[in-house]
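A.B. asks: Input: one structure, supplied below.
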Number of protein chains: 4
Amino acid sequence: MTSSDRAPALGFTSDNIAGASPEVIEALVAASVGQADPYGADPYTASVERRLSDIFEREVDVLLVPTGTAANALCLSAMTPPWGNIYCHASSHINNDECGAPAFYTNGAKLVTVDGSAAKMDPAKLLEAARSKVGDVHSTQPACASITQATEEGSVYTLAEIEAISDACKAANIRLHMDGSRFANALVSQDCTPAEMTWKAGVHALSLGATKNGVLAAEAIVLFDRTLATELAFRRKRAGHLFSKMRFLAAQIDAYLSNDLWLRNARQANAAASRLTQGLAELDGVEIMGAPTANIVFCRLPEPMIKALLDAGFRFYHDRWGAGVVRFVTAFSTTFEDVDHLLKRARAVSQ
Amino acid sequence: MTSSDRAPALGFTSDNIAGASPEVIEALVAASVGQADPYGADPYTASVERRLSDIFEREVDVLLVPTGTAANALCLSAMTPPWGNIYCHASSHINNDECGAPAFYTNGAKLVTVDGSAAKMDPAKLLEAARSKVGDVHSTQPACASITQATEEGSVYTLAEIEAISDACKAANIRLHMDGSRFANALVSQDCTPAEMTWKAGVHALSLGATKNGVLAAEAIVLFDRTLATELAFRRKRAGHLFSKMRFLAAQIDAYLSNDLWLRNARQANAAASRLTQGLAELDGVEIMGAPTANIVFCRLPEPMIKALLDAGFRFYHDRWGAGVVRFVTAFSTTFEDVDHLLKRARAVSQ
Amino acid sequence: MTSSDRAPALGFTSDNIAGASPEVIEALVAASVGQADPYGADPYTASVERRLSDIFEREVDVLLVPTGTAANALCLSAMTPPWGNIYCHASSHINNDECGAPAFYTNGAKLVTVDGSAAKMDPAKLLEAARSKVGDVHSTQPACASITQATEEGSVYTLAEIEAISDACKAANIRLHMDGSRFANALVSQDCTPAEMTWKAGVHALSLGATKNGVLAAEAIVLFDRTLATELAFRRKRAGHLFSKMRFLAAQIDAYLSNDLWLRNARQANAAASRLTQGLAELDGVEIMGAPTANIVFCRLPEPMIKALLDAGFRFYHDRWGAGVVRFVTAFSTTFEDVDHLLKRARAVSQ
Amino acid sequence: MTSSDRAPALGFTSDNIAGASPEVIEALVAASVGQADPYGADPYTASVERRLSDIFEREVDVLLVPTGTAANALCLSAMTPPWGNIYCHASSHINNDECGAPAFYTNGAKLVTVDGSAAKMDPAKLLEAARSKVGDVHSTQPACASITQATEEGSVYTLAEIEAISDACKAANIRLHMDGSRFANALVSQDCTPAEMTWKAGVHALSLGATKNGVLAAEAIVLFDRTLATELAFRRKRAGHLFSKMRFLAAQIDAYLSNDLWLRNARQANAAASRLTQGLAELDGVEIMGAPTANIVFCRLPEPMIKALLDAGFRFYHDRWGAGVVRFVTAFSTTFEDVDHLLKRARAVSQ
């Protein structure tokens, strides 16, 4: 379907309201025929593993799971003992939006929040926290840090920033996890390779998101610290995240990583967000918050504009983060027409 | 694709090696277009809930999850405290094949095995076990029972047998769970309704399987004891089993339950198993074990026959449950041609 | 032994460095003779239960345990599901000093800190926190609040303050726990009864400390919400906190509660702290922090004074909470001579 | 107190109904005076560590805890992942009498029972079990074995038997734990040293009982595999088993291990059991079951004899393990007069 075939999409609440890329659906249809060995012993899973090793320029271990929460919680459970501290930003998904999944999977590890601007942890504060009470039996102990790339505010850690975080982790002798629910959106915004953004910068394990960027439901745990792999195989099964018909997860990710679909989708989402940001910035009474880099835009809109957009059927979160604060999220499926349609309505109120 | 278009399928290891029904795939393709609200607030999920209430002839609560292990472990976690006993047959999936998922989800409940022939718990033994050490603070406490319908041996609890189990549960004041990974296969083998096989017989919660019977990856937790629903919503999210793009789980189940697809698929799998049983029974040196009712056949084959079938490319488990013991599993996708192809090869060795 | 028989005690690090009251030791000696039924079916345990019902002016359920961490974590585990929030002050023992025991016992509940001056939660902030994201499946859920009486800073919640906290709990439909590690010290500082300070003010469960106030090692969980009792009996055993020779815990607590020993001990500790506060306040360069009510004194001392006291063999924590900040803790065994001995040395430096 | 001072003790239900040895009480009284550093930084704890290193003829790590359930569950939690199997005899305390403590502490590990006569695991069956499904992600995995010395039936593993168990563990690459709740009773029944009975035979961690043999409430975790020590320090605190006034646990164990008190106590308990066995064996209608080695006697008594003993005030368990089956347990405090008093009564019925 081309954009001209359809009415403009009105939803900007999240990138999880989008459907799936046609290439992903086609791959699923093709994978649905005939018999295949279960639990990952199928050719699609093997292909995904090869692709990810190619993309990250080294051998990696891969575990496919259906949700980002599963990917994050499983990674973290292998990186901390039950009495460990997991350092994260207060705004992170693991801290706010997973109903305590990290505590469940780790059997009680503590999320310790570390401040920093633009939803990014400050490396100096991370180091200070992770050096506190080490070896003190009365206190939970430093175990790992988790950064979100791109963040919940749409900002992106630069390579230098990831390395600074990683340096703090090394100095404190803890591991580093990356919640890459929007990894592709972050990657295409920076001038670097997937390897540079992860293991070359000191990341031990990555939750590589795909669901928000064009697949139905599939994420990949990518392990650069391969000592975690054996344990995670048992943890995944024990959590009910090992699919018997694994090919259906694998076929999605395989298509997602083929022909740069993941990068193309992310570029479209980012470009739509950028277009939206620029369009809004020109309007009277609109304040763009932060400097959105990926596909999330936080801004302050005049109350009449919010009302007018809602009345026109647009959907987005507002007034959750303060009066007049609006969050728009674009997706791979957001067209420029969709954006322009919203801007047109906003402009009408502005004048 | 009709069966004549393709070479006979050689795999009889499990019903999880089959692909998906075309109707399910078509539903997925249709569901992949456009925006839909996340986390179950989509029309497909609502449709599934309506269908299940219709099928079970009462209001039920429904939680969709991607795997049978997740469905089982979540159900059980809401039916037992951490110090509870879960009574099950030694051969059950929860006891053998889930890497301790029930213990993980319940934070340590104990699987207590109860004997019985044909992989079915003996209700008298269940009652004896569930009345032991009640209130004794040194002992884990009776909490619930879990029966597998159809069992791992292909046998099926009759209505009277389910009611006897349920009577024991009531007498011991514990709840009853049904692992219905092959519920459809069991149902079509009995002359009763879904309601009769479950809540009318005293079942509180059902793991309704679909993955083994024609969908890609989707199962439904069906709650007849609706007091469990609120808790399970949090438990599901916390375990990473709440899909943002829920429509993709829901569209599968919706198609599965439409136009009797689930029953048609199960009838085909059972009929294939029956044909296989009858064909094998006629051969010299073959012993059919038990009285297979659903889509699993255990039998004892002569060693040369096993070897000949393997050499011909057929795949099935053998010698796991004793020398010469073979398990064949058929699926919705197993055609009579597939069965006859295997029988022809077996017959050739037999003569 | 009278105070004149001994050299002044030099330790002010904590009230856990003191020994035990002679009455407690005598009770232990008496309880060590002959046979007694195990696991609480002994006359000492029955006596403790009677005493506590008398003291609290109502029927209560009692579980004896050996440590305050066990008492707190057990109480909390019965008051929150694994996905619950436990609201507490950032300075609380459960948050800082129990190595994650609440998360272990609850299987992952989240400690959510609520600000407030003098180490006491602000009821308005508590209410705001406990009303946030209620029913949102992505977020851990309000479950209970825990207040520390007396606090880690030596301050004490007044009756009015407890009632304000309790009102917030009721408005948010959550339960209220009191960590009474220093309950006696708090009680004797206020003009109220044990009943008024607890259940009459809305407290559901109390960790009644004794170890810090004159026994060897024993604490009592006192349940005003008696629906928690059955569950806690299993949880206590499962955690290894059910003593076979329960009489030894019970004999300690029984002596502790007899003849007002617990109140006399607390009065001595508080009076020693008060004397210390007054003595220090008169010295040049000394700043008393907060308004110590119980047996803990925070103050700022000149560096030379700290050094001189340390050189003289006195022991106390310093420079943990900021440069020059010193914490002194007195105990039931701290005599006025002990205090005067310290003051004398401090005075010498001050002049 | 000498035996002549007192009426004969009538309780034979368990060794946990006895009081404490005078030496232990005296040590407690002495330890109750003055200040001591908390959490194990006291001279009593240091002394215990030295004594245990002497007794076991090597450096060991020691953690004191108040109960046997805590000792066992903590040891096991460091020896198995949550998805591990713990092999034990069906009659073991960890399987029957700890309300699932091992599952709680390990976050879900599975107790897998291994048959064997006289309450002792058969090493061949252990090896078979521990070699099953290794690496199979669907199955919980072999992690450790736990033997009870002496067993719940009063039998004792010989050195050769321990070595056979240990050989099986080594062959299966799993660790070995000894539940030594009655370690002293076992030790004095065999012609060997503590070292020979433990680490020289391949034991990695020992729960060294003391409560049942003369102390109030104290057990020692003794680690021969010292890699477990760091982790266990955090696990102990997190479980609420780290005593602030550790000296009170330590003083008990210190006295217990001094001047061979632990061995003398055990010899008395065993001798009393032996005298009881011999006396009963001479009576008509009495059948001694098994070959009691430590301080537990199982026997079959005529119904009138059971009734007569109960009527005379004697207390013991009967009819739990079959009609007419009686269990007598002696303790360090059981005198020959106590035994003869019971025998006299039994003899009167027998005639």
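The values are calculated or read from the model by the stated rules, or taken from the named source; none is laboratory data. None of the values given here were measured: they were computed from a predicted structure. FYI the Cβ positions are ideal-geometry reconstructions off the backbone, even for glycines, and counts take in every protein chain you see.
A.B. asks: So how many residues does the stretch D:58-89 have that are assigned to a loop (DSSP other than H, G, I, E, B), among the polar types (S, T, N, Q) and under 13 Å from D:Ser146 (Cα atoms)?
C.D. replies: Restricting attention to the stretch D:58-89, the residues satisfying the condition of being assigned to a loop (DSSP other than H, G, I, E, B) are D:58-60, D:66-67, D:78-83, D:89.
From what is left, the residues that are among the polar types (S, T, N, Q) are D:67, D:80.
Now drop any that are not under 13 Å from D:Ser146 (Cα atoms), which leaves D:80.
Matching residues across the stretch D:58-89 total 1.
A.B. asks: Additional query: Is it true that some residue in the stretch A:152-160 is closer than 16 Å to A:Arg182 by Cα and in contact with a His (Cβ under 8 Å, 6 or more places away or on another chain)?
C.D. replies: The answer is yes, given that some residue of the stretch A:152-160 is closer than 16 Å to A:Arg182 by Cα and in contact with a His (Cβ under 8 Å, 6 or more places away or on another chain).
A.B. asks: Quick test of your reading of the structure: A:Phe234 fulfils all but one of (1) within 14 Å of chain B (Cβ to nearest Cβ); (2) in contact (Cβ under 8 Å) with a residue 12 or more places away in the chain. Name the failing condition by number.
C.D. replies: (2)
A.B. asks: Here's something else I'd like to know. Among the residues in the stretch B:320-336, are any loosely packed, with under 15 Cβ neighbours inside 10 Å, over 18 Å from B:Leu10 (Cβ atoms) and in contact with a strand residue (DSSP E or B) (Cβ under 7 Å, 6 or more places away or on another chain)?
C.D. replies: Quick first cut of the stretch B:320-336, residues loosely packed, with under 15 Cβ neighbours inside 10 Å only: B:320, B:322-323, B:336.
Then drop every residue that is not over 18 Å from B:Leu10 (Cβ atoms), which leaves B:320, B:322-323.
From what's left, in contact with a strand residue (DSSP E or B) (Cβ under 7 Å, 6 or more places away or on another chain): none.
Within the stretch B:320-336 (the criterion being loosely packed, with under 15 Cβ neighbours inside 10 Å, over 18 Å from B:Leu10 (Cβ atoms) and in contact with a strand residue (DSSP E or B) (Cβ under 7 Å, 6 or more places away or on another chain)), the answer is no, since none of the residues qualifies.
Residue-by-condition table, conditions (1) in contact with a Gly (Cβ under 9 Å, 6 or more places away or on another chain); (2) within 18 Å of D:Ala73 (Cα to Cα):
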site: D:Gly116; (1), (2): no, no
site: D:Gly135; (1), (2): no, no
site: D:Cys144; (1), (2): yes, yes
site: D:Gln149; (1), (2): yes, yes
site: D:Glu152; (1), (2): no, yes
site: D:Ile165; (1), (2): yes, no
site: D:Ile174; (1), (2): yes, yes
site: D:Met178; (1), (2): no, yes
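A.B. asks: Does the stretch A:244-254 contain at least one residue that is more than 14 Å from chain B (Cβ to nearest Cβ) and within 18 Å of A:Gly34 (Cβ to Cβ)? Walk me through how you get there before you give the answer.
C.D. replies: So in the stretch A:244-254, the residues more than 14 Å from chain B (Cβ to nearest Cβ) come out as A:254.
The next check asks that each one be within 18 Å of A:Gly34 (Cβ to Cβ); those that pass are A:254.
Checked the stretch A:244-254: at least one residue is more than 14 Å from chain B (Cβ to nearest Cβ) and within 18 Å of A:Gly34 (Cβ to Cβ).
A.B. asks: I'm told D:Asn72 meets every condition in (1) among the polar types (S, T, N, Q); (2) touching a Leu at 6+ places or on another chain (Cβ under 8 Å); (3) closer than 30 Å to A:Gly108 by Cα except one. Can you identify the failing condition by its number?
C.D. replies: It is condition (2) that D:Asn72 fails.
A.B. asks: If I ask for residues that are over 19 Å from the mean Cα position of the chain (by Cα) and assigned to a loop (DSSP other than H, G, I, E, B), which ones from the stretch C:90-113 would you list?
C.D. replies: C:Asn107, C:Gly108, C:Ala109
A.B. asks: Considering the stretch C:33-51 alone, what residues qualify as being over 25 Å from B:Asp136 (Cβ atoms) and either crowded, with 23+ Cβ neighbours inside 10 Å or among the aromatic types (Phe, Trp, Tyr) (or both)?
C.D. replies: Correct list: empty.
A.B. asks: Can you tell me which of (1) part of a helix (DSSP H, G or I); (2) within 9 Å of chain A (Cβ to nearest Cβ); (3) of a type outside the set (A, V, I, L, M) is the one B:His241 doesn't meet?
C.D. replies: Condition not satisfied by B:His241: (1).
A.B. asks: Then there is this: Here are some residues: A:Ser117, A:Ser139, A:Ser132, A:Ser207. Which one is touching a residue at least 12 places away in the same chain (Cβ under 8 Å) and either among the small types (Gly, Ala, Ser) or crowded, with 24+ Cβ neighbours inside 10 Å (or both)? Break it down stepwise before answering.
C.D. replies: Numbers: A:Ser117 fails: touching a residue at least 12 places away in the same chain (Cβ under 8 Å); A:Ser139 fails: touching a residue at least 12 places away in the same chain (Cβ under 8 Å); A:Ser132 fails: touching a residue at least 12 places away in the same chain (Cβ under 8 Å).
On inspection, the qualifying residue turns out to be A:Ser207.
A.B. asks: Among the listed residues C:Ala109, C:Ala145, C:Ala101, C:Ala73, which satisfies the condition of being within 13 Å of chain A (Cβ to nearest Cβ), of a type outside the set (Phe, Trp, Tyr) and touching a strand residue (DSSP E or B) at 6+ places or on another chain (Cβ under 6 Å)? Don't jump to the end; show me each part of the working.
C.D. replies: Details: C:Ala145 fails: within 13 Å of chain A (Cβ to nearest Cβ); C:Ala101 fails: touching a strand residue (DSSP E or B) at 6+ places or on another chain (Cβ under 6 Å); C:Ala73 fails: touching a strand residue (DSSP E or B) at 6+ places or on another chain (Cβ under 6 Å).
Matching residue, one of C:Ala109, C:Ala145, C:Ala101, C:Ala73: C:Ala109.
A.B. asks: Can you tell me which residues in the stretch A:203-255 are of a type in the set (Ser, Thr, Tyr) and within 22 Å of B:Gly214 (Cα to Cα)? First the steps, then the outcome.
C.D. replies: Looking only at the stretch A:203-255, we keep the residues that are of a type in the set (Ser, Thr, Tyr), and these are A:207, A:211, A:227, A:230, A:244.
Within the stretch A:203-255, A:Ser244 is the sole residue that qualifies.
A.B. asks: Output the residues belonging to the stretch B:268-286 that are touching a residue at least 60 places away in the same chain (Cβ under 8 Å) and either buried (at least 24 other Cβ atoms within 10 Å of the Cβ) or assigned to a helix (DSSP H, G or I) (or both).
C.D. replies: Answer for the stretch B:268-286, where residues must be touching a residue at least 60 places away in the same chain (Cβ under 8 Å) and either buried (at least 24 other Cβ atoms within 10 Å of the Cβ) or assigned to a helix (DSSP H, G or I) (or both): B:Gln268, B:Ala269, B:Asn270, B:Ala271, B:Ala272, B:Ala273, B:Arg275, B:Leu276, B:Gly279, B:Leu280.
Matching residues to (1) more than 22 Å from A:Glu59 (Cα to Cα); (2) modelled with pLDDT of 95 or more; (3) surrounded by 24 or more Cβ atoms within 10 Å (Cβ to Cβ):
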| position | (1), (2), (3) |
| --- | --- |
| A:Ser155 | yes, yes, yes |
| A:Glu163 | no, yes, no |
| A:Cys169 | yes, yes, yes |
| A:His177 | no, yes, yes |
| A:Ala184 | no, yes, yes |
| A:Pro194 | no, yes, no |
| A:Lys200 | no, yes, no |
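A.B. asks: If I ask for residues that are within 14 Å of chain C (Cβ to nearest Cβ), in a helix (DSSP H, G or I) and either surrounded by 22 or more Cβ atoms within 10 Å (Cβ to Cβ) or β-branched (Val, Ile, Thr) (or both), which ones from the stretch D:210-231 would you list?
C.D. replies: D:Thr211, D:Lys212, D:Asn213, D:Thr230
A.B. asks: Another question, if that's okay. If we keep just the residues of the stretch A:15-32 that are at the interface with chain B (Cβ under 7 Å from one of its Cβ atoms) and touching a helix residue (DSSP H, G or I) at 6+ places or on another chain (Cβ under 7 Å), which is farthest from D:His138 (Cα to Cα)? Outline the logic, then answer.
C.D. replies: Looking only at the stretch A:15-32, we keep the residues that are at the interface with chain B (Cβ under 7 Å from one of its Cβ atoms), and these are A:16-20, A:25, A:28-29, A:32.
After this cut, where a residue has to be touching a helix residue (DSSP H, G or I) at 6+ places or on another chain (Cβ under 7 Å) as well, the list is A:16, A:25, A:28-29, A:32.
Details: A:Asn16: 31, A:Ile25: 30, A:Leu28: 26, A:Val29: 28, A:Ser32: 24 Å.
Filtering the stretch A:15-32 for residues that are at the interface with chain B (Cβ under 7 Å from one of its Cβ atoms) and touching a helix residue (DSSP H, G or I) at 6+ places or on another chain (Cβ under 7 Å), the one farthest from D:His138 (Cα to Cα) comes out as A:Asn16.
A.B. asks: Mind checking which residues of the stretch A:151-191 are outside any helix (DSSP H, G or I) and free of Cβ contacts under 8 Å to residues at least 12 places away in the same chain? Before the answer, list the steps.
C.D. replies: Just the residues of the stretch A:151-191 that are outside any helix (DSSP H, G or I), to begin with: A:151-158, A:173-182, A:190-191.
Within the stretch A:151-191, A:Asp191 is the sole residue that qualifies.
A.B. asks: Name the residues in the stretch B:117-131 that are touching a Pro at 6+ places or on another chain (Cβ under 8 Å) and not in a helix (DSSP H, G or I), would you? Please lay out each step first, then the result.
C.D. replies: We begin by selecting, within the stretch B:117-131, every residue touching a Pro at 6+ places or on another chain (Cβ under 8 Å); these are B:129-131.
Passing the criteria: only B:Arg131.
A.B. asks: Just to be sure, is A:Pro38 in contact (Cβ under 8 Å) with a residue 12 or more places away in the chain, more than 22 Å from the chain's Cα centre (by Cα), outside the structural domain of A:Asp254 (by TED's automatic domain parsing) and assigned to a loop (DSSP other than H, G, I, E, B)? Spell out the reasoning first.
C.D. replies: Numbers: in contact (Cβ under 8 Å) with a residue 12 or more places away in the chain: yes; more than 22 Å from the chain's Cα centre (by Cα): yes; outside the structural domain of A:Asp254 (by TED's automatic domain parsing): no; assigned to a loop (DSSP other than H, G, I, E, B): yes.
Taking the combined requirement at face value, the residue does not satisfy it.
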